[in-house]
Structures are given as structure tokens and as C-alpha cells.
Amino acid sequence: MTYFELSDISFRFAEGKGDVLHNFSMRLNKGEVVGVLGQSGGGKSTLLRIIAGLEVPNSGNISINGRTLVDRKQFVLPEKRGIGMIFQDYALFPHLTVAQNILFGLHRLSRKERLQRLEEMLELIQLQDFRKRFPHELSGGQQQRVAFARSLAPEPELLLMDEPFSSLDADLKHSIREELKRMLRTANMTCILVTHDKEDAAVICDRVVHIANIGHALNINPKFVSNSTR
Amino acid sequence: MYASAALRNLKRKLNGWMIISVIGAFAALIPSLYILFGLFGAPNENWAHIKQYVLLDSALQSLWLVLGTGSFSVIIGVSLAWLTAAYDFPLRRFFHFVFVLPLAIPPYIAAYTYGAMLSYTGSVQAFMRNVLGVTPNQAYFDIMSMKGAIFVFTLFLFPYVYLITKTFMERQSAAFIENARLLGKGPLHVFFRIVLPISKAAIIGGVSLVAFEVLNDFGVTKHFGISSFTTAIFKTWFGMYDVDSAIRLAGLLMSFVIGLFILERLVRRRRAYHSSTSKLKPLTRRKLCGIPAWAAVAFSSIIFALSFAIPVLQLIVWATWTYRDVFNDKFAGMIGNTLLVAFVSISLLMLLAVIVANVSRASKRSIFTLALTKLISMGYSIPGAVLSIGVLAVFISIDERLGGLYERLGWGANKLLLSMSLAMLVCAYVIRFLSVGYNAVEAGFDKIGNRYSEASRMLGAGMTRTFFKVDLPMIKGAVLTGFILTFMEIVKELPLTLLLRPFNFETLATKAYQYASDEQIHQASVPALFIIAVGAVSVFFYHWLGERKST
């Protein structure tokens with residue numbers, strides 16, 4: 001059964017410029033992890049930002065679990081969507097500790113539930129001893145795990161990940177990739193992951209969607225070409 | 001776009017933050033609109049007289065002031081900027097800081113000081129007569145003239161050009177200059193063919209601030225007896241008691257300023273050269289030795305002496321003569337007044353600045369936010385005389401409208417409640433200095449970007465919670481900077497304070513002005529030094545923040 005549906009989404013940054021996304025559609029079942037592959041500049045990150053509610057599509061509908069997020073008449077604000085997102089550079093709040101970062105999204109729970117959820121999350125990412133550290137005192141891999149825990153803590157209906165491994169070096173990437181796969185399965189998360197790396201997608205995802213370049217993106221300056229052939 | 005989608009997008013943006021921003025921006029616009037609409041009314045019988053005898057002459061005088069000050073500020077500001085940005089010479093770090101200090105001295109205070117120093121009984125001529133035994137020709141010391149005014153304005157306003165140009169040169173120009181040097185071009189060629197053209201936008205930005213300050217001035221031209229456009233407005237208002245014609249003059253000045261403002265934006269937009277790469281290497285300084293090094297030190301020392309050291313020393317000497325008469329309970333009350341009105345205004349202003357900046361950063365591309373921020377940044381370019389007439393007129397008409405309410409409350413129908421209160425002055429300060437605070441906050445938001453607030457929104461926090469939990473802790477420094485810069489501006493502000501203060505309400509600036517216009521120049525030194533001290537501390541703090549960021 002379709003859990004998340006996105007249909008005929010078009011998006012352009014300004015009137016007169018070409019579409020970044022043109023009538024794009026996709027569907028997800030509950031618990032599915034889907035990778036979105038495409039070249040850089042192909043609108044992958046924009047797609048995530050539209051699903052998150054950070055950008056407004058020019059046309060198209062989005063719904064999750066039978067609830068409409070965007071159509072012609074409605075627009076649900078990002079904070080009301082119940083969607084989690086892991087940013088490319090994690091965007092951990094630099095002025096808050098690990099524990100405070102994870103607790104940030106739990107303001108609707110009671111104090112007791114909040115602390116319980118924090119412990120669960122710290123256990124999941126194996127960083128119990130780092131709760132009082134600030135983000136800049138953590139390694140890249142640890143930061144990524146905190147970002148994951150922070151997004152997962154409020155139990156989102158859908159988790160979005162934007163190039164989750166791009167700031168990690170190759171060695172770390174392998175171990176973290178496996179770990180992330182385990183954690184996603186444990187939480188039975190529905191997840192959309194954007195990447196330019198086919199290998200990442202193959203390891204983690206159940207299914208891969210290719211986002212095609214619409215053709216407006218590449219604009220080669222002829223002067224440049226003649227220079228480089230000289 | 002469908003109507004339903006437009007409605008949806010409006011609903012998405014409509015929240016308390018947006019509503020306050022829009023109301024704030026329009027409230028700030030009302031006095032200016034009032035003035036501009038004054039241009040369309042039918043002129044009264046005085047207007048023909050004013051048009052014939054006052055208009056052209058005062059417009060020309062103001063134009064000469066702006067052109068003269070602008071040219072000399074560019075010469076001094078750009079040459080000093082190039083000197084400190086591209087060369088290393090003894091005491092460079094010291095000069096680099098002290099060239100900003102003249103901003104701490106309001107031009108009207110400098111005008112009183114130089115005027116008194118160079119008068120027949122002043123320290124310069126007295127020294128020549130009594131010690132050197134020479135009685136010089138009076139004509140050499142005629143500072144109370146157009147030339148003198150340009151001299152004073154240039155010395156105390158050139159830092160705007162210097163600061164903006166130097167920052168640009170240090171950060172943006174290295175690659176071009178090094179390439180030119182590698183291509184075998186000499187320093188003069190590099191300066192005129194590379195540095196000047198690429199710095200054009202920065203120089204224009206600085207010089208337009210200088211022009212706005214000159215047009216805003218009231219103290220210097222009044223003291224030196226120059227019939228500038230601003231003094232013409234005051235004469236019409238207080239000499240002829242013809243408010244309609246004063247508003248008409250103000251409207252003309254404002255149209256000119258708006259034209260200047262738009263011109264500056266257009267020129268800057270088309271000439272904004274920025275390096276295409278994001279990795280910028282700072283400019284490496286060349287070391288000067290021998291005669292060039294000494295010449296650099298001598299030139300810098302002369303500018304520093306004239307634009308800060310000499311007037312401040314003179315003021316300190318005068319202060320030691322007079323501080324006993326000046327320090328009394330009233331003086332303490334005056335400091336209290338200054339602080340009170342400054343803090344109330346700054347609190348309101350920074351609140352509005354933060355709200356508008358928070359609204360506008362989320363949708364930088366939209367025409368609406370662009371208009372909002374342009375409206376706000378225009379406040380600073382409206383001359384004080386124009387703004388004060390506008391604010392006064394608006395407050396009086398509010399009082400008239402509220403007459404019925406006052407009567408019902410038993411205060412009498414014709415009471416001028418709001419236009420006799422501090423509210424008017426506070427309102428004018430907020431309109432004029434909103435852009436100073438806004439620019440500081442915007443710089444803070446630009447630095448952190450949108451990703452943290454987006455992360456917070458994704459974790460279920462709304463705009464308000466995001467602001468207090470995430471944004472505010474991260475832009476604290478920027479808010480503090482805005483606070484300090486506006487504090488300095490308000491403490492030294494003269495025309496608005498003079499015109500819009502309640503009866504008998506004295507601040508440091510109005511007291512310094514009053515002493516000086518009562519021929520008590522020596523007494524004026526004490527409040528003047530307080531103003532300069534506030535300015536110097538603010539400049540120092542700002543400089544320190546900037547240095548800390550760049551290292």
C-alpha cells in the first residue's frame with residue numbers, strides 16, 4: 001500500500017528560468033528505504049527540500065499516510081509535517097550539547113518520556129559517554145550519528161537524508177554505511193536518501209530512483225571550449 | 001499561478017513576524033510620505049519669494065558642500081586605504097585603527113573646536129602672537145566659510161570611504177593586483193588601472209554615506225553661517241513660521257536624496273565586481289623602506305593629528321578650565337536623559353531590526369522582502385531636518401485626531417499629548433537608525449546561514465521557538481554590535497534631537513550645541529568629550545570585534 005506519494009512536482013527558482021524539476025512523481029511503501037540518484041545540479045536536494053516543506057513547488061501534490069502536505073490549496077509548514085531530515089553538513093546546533101541537540105525535537109513529550117527517549121537514542125548511536133560534549137568536540141562520524149539520532153528521536157513519519165556520507169572519509173564511510181542500515185532497519189524507518197554515489201545507494205537502499213537531468217542545467221560556454229582545446 | 005495557490009502561499013507566510021515587519025516598515029514610511037505629498041499641494045504666497053531668493057542659492061551651496069567633501073574624502077580615504085592595505089610601514093597597525101576614530105567626533109563639535117582654535121583669540125593665533133611674535137593675516141585663518149566647512153566635513157567623514165574601500169581592497173583585490181604585478185606593471189599603473197576601477201563600487205558606497213551625512217548636517221553649516229539647504233528649511237520653519245513651505249523644501253531635498261540613493265544602488269549593482277571564486281587570498285603587503293616609509297608615516301600622522309589628536313587635545317585643555325562650572329546635578333540629569341532616550345530607542349529599534357531580518361532572510365529572492373529591506377535602509381539617507389518635520393507633522397495630526405478622546409478623558413480637546421512627549425523623538429531615532437541595526441543583524445544572519453533554523457523547523461519547532469532557541473544564541477554578537485553602533489549614532493545625533501525633544505529636555509549633544517551657540521565654546525568641551533568618549537569606545541569595540549573575526 002502506498003504510504004508516501006509525490007505526484008507531478010514541478011519547481012523552478014525564478015520565473016523565466018527553466019524547471020529544476022519537471023512533473024516528477026514517486027511513491028514509497030511503509031518501511032521502504034529509497035535512494036534518489038542523479039548528477040549534481042539535477043534537483044536532488046531541491047526535491048528533498050520540497051518534501052520537507054522548505055521550498056514551495058510550483059505545482060504538484062504531496063501526501064503522507066493519507067494526509068495532504070501540499071496541493072493547490074494547502075501547504076503544511078515544515079514544523080507541522082512530522083518529517084525528519086539529516087542535512088548534508090548535519091547542521092548540529094553548535095551552542096547545544098549532544099544531549100540538548102537530541103532533546104531539541106522532543107518538546108511535545110513529558111519530561112520523563114523525553115529523558116527516556118534520549119537514553120534510547122544515545123544507546124542506539126552508542127554515544128552515551130559523549131552526551132555533554134559540544135558538536136565541535138566530536139569526530140565527523142560521531143557528528144553524523146548525533147544528527148541521525150536527533151532526526152529520529154521525534155519518531156518522524158519519513159526521514160530524509162541529503163548526501164549523508166559526503167563529509168566522511170572513505171574508511172569511515174564503509175562502517176557508518178553498514179551501521180546506518182542497521183539503525184534504519186531497527187527503527188523500521190521509511191526513508192528517502194539522496195546521493196550521487198551508486199555504491200551508497202546499493203548498500204543501503206531497497207530501491208533506487210534516477211532523477212533525470214532536464215537539459216536546462218548544462219550550459220556550456222563556447223568560448224571556454226575553444227580555449228581548452230587550444 | 002492559480003489564485004488558490006497564491007492564497008496558499010500568502011497563508012504560509014502570514015504570521016506574527018511578518019505582520020510586525022510590515023506594520024513597522026509602513027509606520028517608518030509615513031513621515032516621508034507626508035513630506036512627499038506636501039510637494040503636490042498648492043504653494044502659498046511665501047513660496048514665490050522663497051523660490052526667487054532662497055531656493056537656487058541654498059541648493060547650490062549644498063551641492064558645493066557635497067561635491068567638495070565628496071571629492072576630498074575620496075582622495076584622502078582611498079589613498080589611505082590603499083596605503084594601509086597594500087604597504088607595510090612603521091606604525092601601520094596603529095594608523096589602521098586611528099583612521100576610524102574621526103567617526104567618534106561629530107562634525108559639529110569639530111567645527112566649534114576648529115572655529116574657536118583658529119579665531120583671533122584662539123590658541124593658534126595667540127601662540128603665534130605671544131611666542132613667535134608674528135601677527136598673521138586674518139584671511140589665512142578664515143575657517144568659518146565654505147572652504148572651512150569642506151575641510152571639517154572631509155576630515156571627519158573620510159573614514160566612511162576609507163573603511164569600506166580598505167575592507168574591499170584587502171579581501172577582494174589580491175589576485176588581480178598580483179597578476180598585474182606579474183605582468184610587469186608598476187605601482188602607479190596598478191593603482192590607476194586595476195585598483196581604482198575594481199574598487200569603484202566600494203568607493204561609491206562610502207562616498208554616498210559621506211554625501212548623506214553632509215546633507216543631514218545642521219550644526220556645521222549653522223555655526224559657519226553657510227546657507228545650505230538644511231538651514232534654509234530651518235529658516236523657513238522657525239524664521240518665517242511657514243511650515244507649508246518648509247515641508248515643500250524638505251520634499252525637494254528628499255526627492256534629491258532619493259534620486260541619489262537610487263543612483264547609488266544602480267551604479268553599485270552594475271559595478272559590483274566580485275571574484276568568481278569563493279577562495280580569496282588576502283592581499284600581501286609590500287614593505288616600504290627609507291624615504292617612502294617616512295613619507296607614509298608623515299602623511300598618516302598629519303591626517304591623524306588633524307582629524308583626531310589636535311581637536312581632542314584642545315577639547316581636553318578647555319575641559320580642564322571649565323569642568324567645575326559644567327559638572328553639576330543638571331549634567332548628571334543630562335547624561336541620564338541621553339542614556340534613557342538612547343536605550344528606549346535602541347531596544348525598540350533592535351527588536352524591529354531583528355524581526356525584519358528574520359522575516360527577510362527566509363525568502364531573499366522575493367520582491368516583497370527586497371522592498372521591505374530597501375524601505376528600511378532608506379531611513380538613514382533621509383536628512384534629519386526632513387525627517388523631523390515629517391515626524392512632527394504626523395504626530396500633530398495624530399494628536400488632532402485624538403482630540404475627542406483626550407476631551408472624554410478630561411484633558412481638554414486641544415491638548416498636544418504625543419507631540420509634546422519623548423515618543424516623538426524615540427520614533428524619529430528608530431526610523432533614522434533602523435538600517436544601522438538592521439545591517440548588523442543581517443550580517444549576523446548571513447554568517448550562520450539558514451541551515452540551523454531549517455534543521456530546527458524540521459524538528460518541529462515553529463519560527464518563534466526556532467528564533468529563541470537557535471537563532472538568537474547564535475546572532476548574539478551581531479545584535480550587540482548593532483546595539484553599540486546605534487548607541488554611538490544616537491548619542492552624537494543633533495538635528496532630530498534638537499527639534500523633536502520635549503521642552504527643557506537636554507541631552508549631551510543638545511547641551512554641547514547650546515553652549516557653542518551661546519559663545520561658550522570652552523564649556524561645550526565637557527559634553528563634547530563625553531560624546532567623543534562614547535564614540536571612541538564604540539569604534540574600538542567594533543574594531544576589536546572585526547579583528548577577532550578576521551584572525
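Quick notes
- Selection of segment B:471-488 for residues being touching a helix residue (DSSP H, G or I) at 6+ places or on another chain (Cβ under 7 Å) and hydrophobic (A, V, I, L, M, F, W, C) yields B:MET474, B:ILE475, B:ALA478, B:VAL479, B:PHE483, B:ILE484, B:LEU485, B:PHE487, B:MET488.
- Residue within segment A:183-206 that is open to solvent by 60 Å² or more (accessible area, probe 1.4 Å), within 14 Å of another protein chain (Cβ to nearest Cβ) and either part of a helix (DSSP H, G or I) or more than 23 Å from A:THR46 (Cβ to Cβ) (or both) present: no
- When segment B:145-169 is filtered for residues that are part of a helix (DSSP H, G or I) and surrounded by fewer than 19 Cβ atoms within 10 Å (Cβ to Cβ), the ones remaining, listed by number, are B:MET146, B:LYS147, B:THR167.
- Filter result (open to solvent by 30 Å² or more (accessible area, probe 1.4 Å), more than 24 Å from B:VAL436 (Cα to Cα) and assigned to a helix (DSSP H, G or I)) within segment B:479-512: B:LYS511
- B:MET463 meets each of the listed conditions (1) surrounded by fewer than 23 Cβ atoms within 10 Å (Cβ to Cβ); (2) among the aliphatic types (A, V, I, L, M); (3) more than 30 Å from A:GLU155 (Cα to Cα) apart from (3).
- Cross-chain or 6+ apart pairs with Cβ under 8 Å, segment B:399-412 first and free of Cβ contacts under 8 Å to residues at least 12 places away in the same chain and more than 20 Å from B:MET424 (Cα to Cα), then outside any loop (DSSP other than H, G, I, E, B) and open to solvent by 100 Å² or more (accessible area, probe 1.4 Å): none
This table checks each residue for (1) more than 20 Å from the chain's Cα centre (by Cα); (2) part of a helix (DSSP H, G or I); (3) within 14 Å of another protein chain (Cβ to nearest Cβ).
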position: A:ALA14; (1), (2), (3): yes, no, yes
position: A:ASN23; (1), (2), (3): yes, no, no
position: A:LEU28; (1), (2), (3): no, no, no
position: A:GLY31; (1), (2), (3): no, no, no
position: A:GLY35; (1), (2), (3): no, no, no
position: A:GLY41; (1), (2), (3): no, no, no
position: A:ARG49; (1), (2), (3): no, yes, yes
position: A:LEU69; (1), (2), (3): no, no, yes
position: A:ARG72; (1), (2), (3): yes, no, yes
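- For segment B:124-144, the criterion of being assigned to a loop (DSSP other than H, G, I, E, B) and under 26 Å from the mean Cα position of the chain (by Cα) is satisfied by at least one residue.
- From B:LEU80, B:LEU60, B:LEU33, B:LEU39, residue being surrounded by fewer than 16 Cβ atoms within 10 Å (Cβ to Cβ), assigned by TED's automatic domain parsing to the domain that holds B:LEU260 and of a type outside the set (Lys, Arg): B:LEU60
- Enumeration of residues in segment A:27-42 that are within 16 Å of A:PRO156 (Cβ to Cβ) and of a type in the set (A, V, I, L, M): A:LEU28, A:VAL33, A:VAL34
- Among the residues listed as B:THR231, B:THR236, B:THR284, the single one being modelled with pLDDT under 90, of a type in the set (Val, Ile, Thr) and open to solvent by 50 Å² or more (accessible area, probe 1.4 Å): B:THR284
- Qualifying residue in segment A:118-136 (condition: within 19 Å of B:ASN450 (Cα to Cα) and crowded, with 23+ Cβ neighbours inside 10 Å): no
- In the set (1) closer than 24 Å to A:MET26 by Cβ; (2) open to solvent by 30 Å² or more (accessible area, probe 1.4 Å); (3) modelled with pLDDT of 90 or more, A:MET85 fails one condition alone, (2).
- Segment A:51-67 - residue that is at the interface with chain B (Cβ under 7 Å from one of its Cβ atoms) and in contact with a Pro (Cβ under 7 Å, 6 or more places away or on another chain) and, of those, surrounded by the fewest Cβ atoms within 10 Å (Cβ to Cβ): A:LEU54
- Of all residues in segment A:106-131, those that are in contact (Cβ under 8 Å) with a residue 40 or more places away in the chain have Cβ atoms under 7 Å from Cβ atoms of residues that are of a type in the set (D, E, K, R), 6 or more apart or on another chain, in A:LEU106/A:ARG114; A:LEU106/A:ARG117; A:ILE125/A:ARG145.
- Identity of the residue in segment A:88-98, over 30 Å from A:ARG12 (Cβ atoms) and crowded, with 19+ Cβ neighbours inside 10 Å, that ends up farthest from the other protein chains (Cβ to nearest Cβ): A:VAL98
- Boolean, B:VAL341 is assigned by TED's automatic domain parsing to the domain that holds B:ASN450, under 14 Å from B:GLY437 (Cβ atoms) and at pLDDT 85 or above: no
- Subset of segment B:439-459 [over 33 Å from the mean Cα position of the chain (by Cα) and part of a loop (DSSP other than H, G, I, E, B)]: B:LEU459
- In segment B:29-58, the residues that are among the aliphatic types (A, V, I, L, M), at pLDDT below 85 and either under 28 Å from the mean Cα position of the chain (by Cα) or in a helix (DSSP H, G or I) (or both): B:LEU39, B:ALA48, B:ILE50, B:VAL54
- Residue match in segment B:389-397 (condition: more than 15 Å from B:PRO31 (Cα to Cα) and hydroxyl-bearing (Ser, Thr, Tyr)): no
- Residue match in segment A:100-117 (condition: touching a Lys or Arg at 6+ places or on another chain (Cβ under 7 Å), among the hydrophobic types (A, V, I, L, M, F, W, C), surrounded by fewer than 19 Cβ atoms within 10 Å (Cβ to Cβ) and not in a helix (DSSP H, G or I)): yes
- Subset of segment B:1-30 that is within 14 Å of another protein chain (Cβ to nearest Cβ) and in contact (Cβ under 8 Å) with a residue 12 or more places away in the chain - its residue that is surrounded by the fewest Cβ atoms within 10 Å (Cβ to Cβ): B:GLY16
- Selection of segment A:146-169 for residues being farther than 13 Å from A:CYS191 by Cβ and within 10 Å of chain B (Cβ to nearest Cβ) yields A:ALA147, A:ARG150, A:ALA153, A:PRO154.
- Odd one out for B:VAL436 among (1) open to solvent by 50 Å² or more (accessible area, probe 1.4 Å); (2) more than 14 Å from chain A (Cβ to nearest Cβ); (3) modelled with pLDDT under 90; (4) in a helix (DSSP H, G or I): (1)
- Long-range neighbours under 8 Å by Cβ, at least six apart or interchain, first residue at the interface with another protein chain (Cβ under 7 Å from one of its Cβ atoms) within segment B:454-476, second β-branched (Val, Ile, Thr) and open to solvent by 10 Å² or more (accessible area, probe 1.4 Å): B:MET474/B:ILE448
The values are calculated or read from the model by the stated rules, or taken from the named source; none is laboratory data. Please read all numbers here as calculations on a predicted model, not as lab measurements. With ideal geometry, Cβ positions are generated from the backbone for all residues, glycine too; neighbour counts draw on all protein chains shown. Ligands, DNA and RNA are stripped out before the accessible areas are found, and what is left, the full protein with its side chains, is counted by its heavy atoms. Shrake-Rupley method; radii C 1.70, N 1.55, O 1.52, S 1.80 Å.
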